[in-house]
Amino acid sequence: MKKTIFLLFLALVSAQSFAQKFGYIDSEFITSKMPEYKKAQEDMDKYSEKWVIDIQAKYSELEKMRQQFQQEEILLTADMKRERQKAIDDKEAEVKELNNKVFGLNGLLFLKKKEIMKSILDDIYKACEKVARQKQLMFIFDKASDMSMIYTDPRHDYTDYVMEALGISLKEDKNQNNQVTKPKK
């Protein structure tokens, strides 16, 4: 009796697992067609350029300090040399710390990008959720992410549906290069 119940349970679970539907999207393609993503990229470039200029100015200041020290080194006493070298070392540490604070892991640039991209990614997520419910999908993968997809069957590509849910038109792309195809499902 226990074996029969177990086998029945196993059959139900395996049948249910075969019934799961999945699809994938290409988030890079989707974002490349979103005007708000392009604006976000421009904003990120502006922030990045500003921080690069600030850090380059600090490095230039540090280099001037080094050159001035080398030029005056002969005239300085041992105590003055130590003071100048310490000031140079402190300035170098300050510049490196600023560089890491801005461009390092979880730095200001990363946080700013996360802040700017949040609304765009939320919109894509909501559109994916809507498409998943409409098409009764259990999973939607992103082929642009780190997860590797060795083979993808185009009939499981739901990129167009997500773009449609976001209100992004593909008509001009289809006429221009005829590379985008609607999924068959």
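The values are calculated or read from the model by the stated rules, or taken from the named source; none is laboratory data. The model shown is predicted, which means the values in this text are computed figures rather than measured ones. Positions of Cβ are backbone-derived with ideal geometry, glycine not excepted, and every protein chain shown enters the neighbour counts. The area values use the complete protein model at the heavy-atom level, side chains included, leaving out ligands, DNA and RNA. Shrake-Rupley method; radii C 1.70, N 1.55, O 1.52, S 1.80 Å.
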| said: Of everything in the stretch 155-185, what is at positive phi and either modelled with pLDDT of 75 or more or open to solvent by less than 30 Å² (accessible area, probe 1.4 Å) (or both)? Give them in sequence order. | reply: 167
| said: If I filter the stretch 41-59 for residues that are of a type outside the set (S, T, N, Q), more than 30 Å from residue 120 (Cα to Cα) and touching a helix residue (DSSP H, G or I) at 6+ places or on another chain (Cβ under 9 Å), do I get at least one hit? | reply: yes
| request: Would you mind finding the one in 22, 6 that is modelled with pLDDT under 90 and within 20 Å of residue 159 (Cβ to Cβ)? | output: 22
| Positions within the stretch 97-117 being under 19 Å from residue 56 (Cα atoms) and assigned to a loop (DSSP other than H, G, I, E, B), in sequence order | 104, 107
| field | Complete set of residues in the stretch 100-116 that are more than 16 Å from residue 46 (Cβ to Cβ) and open to solvent by less than 50 Å² (accessible area, probe 1.4 Å) | value | 104, 107
| query | Under 7 Å by Cβ, and 6 or more places apart or on different chains, what pairs join a residue from the stretch 120-142 that is part of a helix (DSSP H, G or I) with one that is open to solvent by less than 50 Å² (accessible area, probe 1.4 Å) and small (Gly, Ala, Ser)? | reply | 120/40; 124/27; 127/165; 130/165; 131/165; 135/23
| Taking into account only those residues within the stretch 80-99 that are in contact with a helix residue (DSSP H, G or I) (Cβ under 7 Å, 6 or more places away or on another chain) and within 15 Å of residue 55 (Cβ to Cβ), which is least open to solvent (accessible area, probe 1.4 Å)? | 95
| Just for the stretch 46-74: of the residues that are open to solvent by 60 Å² or more (accessible area, probe 1.4 Å) and either touching a strand residue (DSSP E or B) at 6+ places or on another chain (Cβ under 7 Å) or of a type in the set (A, V, I, L, M, F, W, C) (or both), which one is modelled with the highest pLDDT? | 53
